[in-house]
Amino acid sequence: MKKTFLVFLIVLGLVFSTVLATTYVVGTSADFPPFEYVQNGKYVGFDLGLIKAIAKTEGFNIQIRDMAFDSLIPALKVGVIDIAIAGMTITKEREKVVDFSNPYWFADQDVIVRKNSNYTVTVLFGKHKIGVQTGTTGDLWVTKNLVKSGILKASNVKRYQSFIYALEALLNGAINAVVLDSPVAERFAQVKPVKVVAVLVTGEHYGIAVRKGNTKLLREINAGLKKVKASGEMAKLIDKYFGKK
Ligand code: ARG
């Protein structure tokens, strides 16, 4: 009798702690393999595995919300989401409006073209059409270095809400190249008929973003990140999503 009651109490406690645990809404832009993408109708990827692992160590629940990359910061600001994890580069501009965790990844920008084309880095110059994802650091790089300096006409920059559309446009010939983060370009080059023809060394670091001033959540995320690294869970995720296919 006593034992059953104890078991009952433990079960009750477990139920309560999961029910009472805070649920944070995590925003992402699921067009960025291997960081975040859709597989068999599910949101998967390194970033989502990472935030799940952090949530587990810190004892909160998460709910994933997929949106356009350039909606993530506005959504954080107004409180539609609590956390943004989307291979998001820590930049001075973004740091003015959101707070970032410690860096967890690094990237440069790559230029990709169709595999069967003869383009080189010179695809960036002249009359070619260059695709980017709206509001990304690739977009900023092209705008600053090519458009503002007069190398590329503004109308030749094609902005897409999603990399899925940018890739489609590249493959069907609507555009000549796409500028995007190196780890994602490399993944696309493994699974799609595209190749990397240049690396633009931008030295970016990815961070997890929270609303400005949400120090409690930021502290939890940084503590979780540290634990996930120390426990070897991070290495497992790297192997799962970046290991040789
Ligand atoms: N790292 C780049 C940036 O922060 C691109 C991120 C795009 N992420 C995505 N999930 N589509 O601007």
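Read-outs throughout are calculated quantities, based only on the coordinates presented, and are distinct from any laboratory measurement. Computed from a predicted model, the values in this text were never measured in an experiment. Virtual Cβ from ideal backbone geometry, glycine too; neighbours counted across all protein chains shown.
Which one, V197, T134, T28, projects farthest toward the positive side of the charge dipole computed for the chain from Cβ point charges (K/R +1, D/E -1)?
So the residue we want is T28.
Using bins 10 angstrom wide from zero, how does P(r) for segment 97-154 break down, in % of all Cα pairs?
18, 45, 25, 11, 1
Distance between the C-alpha centers of segment 73-115 and segment 163-193? Whole Å please.
Spelled out, the Cα-based centre of one part sits 20 Å from the other.
Once phi is turned into θ = phi - 60°, what whole-Hz ³J(HN,Hα) does the Karplus curve with 6.51, -1.76 and 1.60 give for every residue of segment 185-196, x standing for Gly and Pro?
Using θ = phi - 60°, the values come out as 4, 5, 5, 4, 5, 7, 10, 10, x, 10, 9, 8 Hz.
Using only the alpha-carbon atoms, how far is helix 233-242 inclined from the longest principal axis of the chain? Give it as 0 to 90 degrees, nearest 10.
30
Taking only Cα atoms of segment 1-148, what ratio of Rg to Rh do you get with Rh as the Kirkwood inverse-distance radius?
1.15
Please turn the phi angles of segment 166-182 into ³J(HN,Hα) values with the Karplus equation 6.51 cos²θ - 1.76 cosθ + 1.60 (θ = phi - 60°), one per residue in order, whole Hz, x for glycine and proline.
Ordered by residue, 3J(HN,Hα) equals 5, 5, 4, 4, 5, 5, 8, x, 5, 10, 9, 7, 10, 9, 7, 4, 4 Hz.
Could you work out [θ]222 nm for the chain from helices alone, using -39500 (n - 2.57) per DSSP H run of at least four and dividing by all its residues? Round to the nearest 500 deg cm²/dmol. Walk me through the numbers on the way to the answer.
Working: 9 runs with 94 residues, N = 245.
-11500 deg cm²/dmol, from helical runs alone.
For the chain, calculate the relative contact order in percent as a whole number, restricting contacts to Cα pairs under 8 Å that are 6 or more residues apart. Before the final figure, lay out each step's value.
Values: 430 pairs, mean separation 67.9, N = 245.
Result for the chain is 28 percent.
Taking the Cα centre as origin and putting +1 on Lys and Arg beta-carbons and -1 on Asp and Glu beta-carbons, what dipole magnitude results for segment 131-228, to the nearest 20 debye?
Numbers: 14 positive and 6 negative charges, 74 e Å.
Here the size comes out at about 360 debye.
Among A84, S155, G59, pick out the residue whose Cα is farthest towards the positive end of the charge dipole of the chain, where Lys and Arg carry +1 and Asp and Glu carry -1 on C-beta, about the Cα centre.
G59
Under a Cβ-Cβ cut-off of 10 Å, what is the net charge of the residues other than K77 that fall near it, where Lys and Arg count +1 and Asp and Glu count -1?
Surrounding charge for K77 is +2.
If contacts are Cα pairs under 8 angstrom and at least 6 residues apart, what is the relative contact order of segment 1-134 in percent?
Averaging sequence separation for qualifying contacts and normalising by length gives 24 percent for segment 1-134.
Could you go through segment 143-156 in sequence order and give the Karplus-derived ³J(HN,Hα) for each residue, using 6.51 cos²θ - 1.76 cosθ + 1.60 with θ = phi - 60°, rounded to whole Hz, and x for Gly and Pro?
5, 6, 8, 9, 6, 5, 8, x, 6, 10, 5, 3, 6, 8
In degrees between 0 and 90, to the nearest 10, how far off the longest principal axis of the chain does helix 2-20 point, with axes built from Cα atoms?
For 2-20 against the chain, the angle is about 30 degrees.
Any chance you could check the Cα centroid distance between segment 17-55 and segment 121-143 for me, in angstrom?
When both Cα centres are located, 29 Å separates them.
Please list, or write none, the aspartates and glutamates whose alpha carbon is within less than 20 Å of the alpha carbon of K56, excluding same-chain residues fewer than 8 places away.
Filter leaves E36, D47, D82, E220, E233, D239.
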